[in-house]
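Okay, structure first, notes after.
What follows is calculated from the coordinates using simple rules that are stated; it is not laboratory data. Note that the structure is predicted; figures quoted are calculated from it, not measured. Cβ placement follows ideal geometry from the backbone for every residue including glycine, while neighbour counts extend to all protein chains displayed.
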Amino acid sequence: MLKDQLEDVEARIQAACRRAGRSRDEVTLIAVSKTKPVETLREAYDLGVRVFGENKVQELTAKYEALPDDIHWHMIGHLQTNKVKYIIDKVDLIHSVDSLKLAETIEKEAEKHALTADILVEVNVAQEESKFGLKTEEVIPFIEKISGFSHVNVRGLMTIAPFVENPEENRSIFADLHQLSVDISNKNIDNVNVSILSMGMTNDYEIAIEEGATMVRVGTGIFGARNYSV
Ligand SMILES: *Cc1c(COP(=O)(O)O)cnc(C)c1O
């Protein structure tokens, strides 16, 4: 079951890359394992999955302790400043940086661990009230501010598109995030290389890849529906 779903997602990623004239290795699949038990992650690991995405600090650290250390962990959910210290040395990438206060905390904690934290700036492209993330017009001033941090590396942008029936409706959102990354690149800000575009989830990752996604975050499509009541 998990094997079939993984193969299906992989085939769809390959097809989307072909349609877009892109190479498969330009796109990283992040298996979003939130709410799933460690045994399920181990099953995915045994099938070759090495990149997992989690959205809660406590869940991420528990799974980190329980699973092999060649896994790459990505923090994809909203992050409170007081919890940065628990994950700073455990994750490859923080996708959800959306405030100066959070960036400053990451800088401080990364310095304590003598490391440089790779981060993405979360952008609320669709301007949904319910979502975290900066407004599009806030992104360049924000990146200019944090570009001087010595322990934070801005590696790209992330967005969560709205839930829509027809994923085509999100195409312009992905195109807008892509364009924003081009605009930022053209500014040649020191220490900033926005080459990562984290966009696309189960419903719309194929469209996101066609529009330039370099990371897709797929949960349900790999692991099946989540049960939040357990
Ligand atoms: C849960 C989650 C996903 C995965 O969602 P699916 O629709 O199950 O693929 C992707 N990104 C973020 C930020 C999430 O919280």
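Numbers below:
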read-out: Length added when fully stretched, SER172-ASN82, from 0.36 nm per residue minus Cα-Cα; value: 28.9 nm
read-out: Debye log10 I(q)/I(0) at q = 0.11, 0.15, 0.17, 0.18 Å⁻¹ for the chain, Cα point scatterers; value: -0.53, -1.02, -1.31, -1.45
read-out: About the Cα centre, charge dipole magnitude for the chain (Lys/Arg +1, Asp/Glu -1 at Cβ), debye; value: 340
read-out: Cross-link pairs beyond the 18 Å C-alpha cut-off, checked among LYS83/LYS131; LYS34/LYS90; LYS85/LYS131; LYS34/LYS56; LYS63/LYS85; LYS3/LYS90; value: LYS83/LYS131; LYS85/LYS131; LYS3/LYS90
read-out: Stretch gain in nm, segment GLN179-ASP70, where the contour uses 0.36 nm per residue and the Cα spacing is subtracted; value: 35.9 nm
read-out: The chain: calculated mean residue ellipticity at 222 nm from DSSP helix runs of at least 4, using -39500 (n - 2.57); value: -12000 deg cm²/dmol
read-out: Length gained when the stretch LYS135-GLU165 is fully extended (0.36 nm per residue, less Cα-Cα span); value: 8.4 nm
read-out: Relative contact order [Cα under 8 Å, 6+ residues apart], the chain, whole percent; value: 21
read-out: Estimated FRET transfer efficiency (ALA11, ARG226; beta-carbon r; R0 22 Å; 0.05); value: 0.45
